[in-house]
Amino acid sequence: MTPVIALSLFGIINLFLGFTFKRQSLQVVTLLFIICSMALTAMDWNHEYLWFGDMMKTNNLSINFSLIIQLAGLLVVAFSNGFGKDEVYTQPAEYYAILLFSLVGALLMVSFQNLIMLFVGLEILSVAMYVLTGSDKRNLRSNEAALKYFLMGSFATGFLLFGIALVYGSTRSLYISGILYNLSHTAPESLPSFLYAGIILMGIGLLFKISAAPFHFWTPDVYEGAPTIFTMFMSTVVKTAGFAAIYHILDVTFGGFQKNWIITVYFITIITLILGNISAAYQQSAKRMLAFSSISHAGYMLLTVCANQPSTSSNILYYSLAYTLATAVSFAVLMVVAEYQTGRTEKPENFDALNGLAKNNPSLAFAFTVALLSLAGIPLTAGFWGKFFVFTDMFNKNLTYPIIIAVLMSAVGIYYYFKGIISVYFNSGEIEKIETSFLFKIALWSACIGTLVLGIYPTLLKSIF
């Protein structure tokens, strides 16, 4: 897979460029690297290839997921203009190289045809995130978040590996094609019972990565403690890659055994929706609110996985893109406001720190509002159609009670998302004009316009997905 090879080489090159290039130039170079990788990915459109000993497969579905992941990486790099400010404690080349390597892991997770390749991709992505979470070495919250993430992530990896071992023992293959062949040529009553345990254990390992309850406890602390730019990366790239892997495992590989895992996943989905939305409503920190919001959106996307309709894959892609654009914008605005408020208020990431943003920064306020409206699922934004397509899948599956719960939790979501909008426009406060870089503005408005365009013309990309 050429993008995987290219990003690996680009990451290594980036480390060496750190010795010769100016710190500010590395951001532009990294953006060009990701754009080049996206072009290589798009060149495989309408072609199916098997790579690396048939352990990876390129098709239109994996290409779409890969492009969304790389788009998220592109936005993160464009928003990361603060890497070069502290010349004593930071080296941008290291951060950008780790980001590129983590994208390699994410691409492996959306293209795997062998369970070992899934594990390798997951670990490449995870180890990079452990490092980036604790990258602010002078911040105790960052150190604590990295340790929590590492310990709980390692524990979740154990579940995944144990599940892979049980599946291999049941089907005598690690290849998806071999697993499907053996399952189709074996009577259901002849399959060992530990196969179903293996499916559940693999699901637990992946559900941890997308912050589904009850495996979500790490999320608010890690999101809050990590530097905001890396929190943005976690909530977009990691979640999209995780959902691509979950869909591939549950609906594609073991879709024929849905009755053995569907009750468990339904229970997890409902608990995720309730805990994520109710907890978010009580938060005073905008960053922790977005963390619990991320948990709730994992519940919405799990609903369409449970529905397992012909449109499920395209709905997950659309929801992932809508969520990525809105989340990147909301974290970007929160990041620049928190940087401005540091030293001026005790808690620069609280909703109070956003008071009066619209007065002198109308563009930031508008972008933040569009992002929150999309996350809330308000019409004329991409987030509305993302939820609409999910609810349509559930309706076609006759999932009455989950639909009711999802709609009620969406109403709760409107409440806590509008807390941010009220702070920006209606609460009294004084925030001076915040200067941002040209790349920051381009990325912010591109994501904001994309959210509105997809909300007005949802079929623009739905036909491609």
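The values are calculated or read from the model by the stated rules, or taken from the named source; none is laboratory data. Worth saying up front: this structure is predicted, and the values here are computed from it rather than measured. Because the Cβ atoms are built from the backbone with ideal geometry, glycine has one as well, and the counts that use them run over all protein chains shown.
Check whether at least one residue in segment 238-259 is farther than 18 Å from ASN315 by Cα, touching a residue at least 12 places away in the same chain (Cβ under 8 Å), hydroxyl-bearing (Ser, Thr, Tyr) and surrounded by fewer than 16 Cβ atoms within 10 Å (Cβ to Cβ), and report yes or no.
no
Can you tell me which residues in segment 353-393 are assigned to a loop (DSSP other than H, G, I, E, B), in contact (Cβ under 8 Å) with a residue 40 or more places away in the chain and either aromatic (Phe, Trp, Tyr) or closer than 15 Å to TYR417 by Cα (or both)?
ASN355, PRO379, THR381 - these are the residues of segment 353-393 that are assigned to a loop (DSSP other than H, G, I, E, B), in contact (Cβ under 8 Å) with a residue 40 or more places away in the chain and either aromatic (Phe, Trp, Tyr) or closer than 15 Å to TYR417 by Cα (or both).
Might you let me know whether segment 423-438 holds any residue that is assigned to a helix (DSSP H, G or I), surrounded by fewer than 20 Cβ atoms within 10 Å (Cβ to Cβ) and not small (Gly, Ala, Ser)?
Yes, segment 423-438 contains at least one residue that is assigned to a helix (DSSP H, G or I), surrounded by fewer than 20 Cβ atoms within 10 Å (Cβ to Cβ) and not small (Gly, Ala, Ser).
Residues in segment 348-356: is at least one over 23 Å from GLN283 (Cα atoms), modelled with pLDDT under 90 and among the acidic types (Asp, Glu)?
So far as segment 348-356 goes, no, none of its residues is over 23 Å from GLN283 (Cα atoms), modelled with pLDDT under 90 and among the acidic types (Asp, Glu).
For segment 440-459, which residues satisfy the criterion of being more than 22 Å from the chain's Cα centre (by Cα), aliphatic (A, V, I, L, M) and either under 18 Å from ASN315 (Cβ atoms) or at pLDDT below 90 (or both)?
Within segment 440-459, no residue meets the criteria.
Are any residues in segment 171-189 in contact (Cβ under 8 Å) with a residue 24 or more places away in the chain and either closer than 17 Å to SER211 by Cβ or touching a Ser or Thr at 6+ places or on another chain (Cβ under 9 Å) (or both), and if so, which ones?
Scanning segment 171-189 gives THR171, ILE176, ILE179, LEU180, LEU183.
Quick check on ASN59: is it under 27 Å from LEU115 (Cα atoms) and among the polar types (S, T, N, Q)?
For ASN59, the condition - under 27 Å from LEU115 (Cα atoms) and among the polar types (S, T, N, Q) - is met.
Taking THR2 as meeting all but one of (1) under 14 Å from VAL104 (Cα atoms); (2) at pLDDT 90 or above, write down the number of the exception.
(2)
Only one of these is part of a helix (DSSP H, G or I) and surrounded by fewer than 18 Cβ atoms within 10 Å (Cβ to Cβ): ALA443, ALA406, ALA411, ALA447. Name it.
Checking each option against the conditions leaves just ALA411.
Consider ALA307 against the criteria (1) farther than 19 Å from PRO458 by Cβ; (2) of a type in the set (A, V, I, L, M); (3) touching a Lys or Arg at 6+ places or on another chain (Cβ under 6 Å): it satisfies all of them except one. Which criterion is unmet?
(1)
Looking only at segment 389-421, filter to residues that are of a type in the set (Phe, Trp, Tyr) and under 20 Å from the mean Cα position of the chain (by Cα); which one of those is farthest from LEU275 (Cα to Cα)?
PHE389
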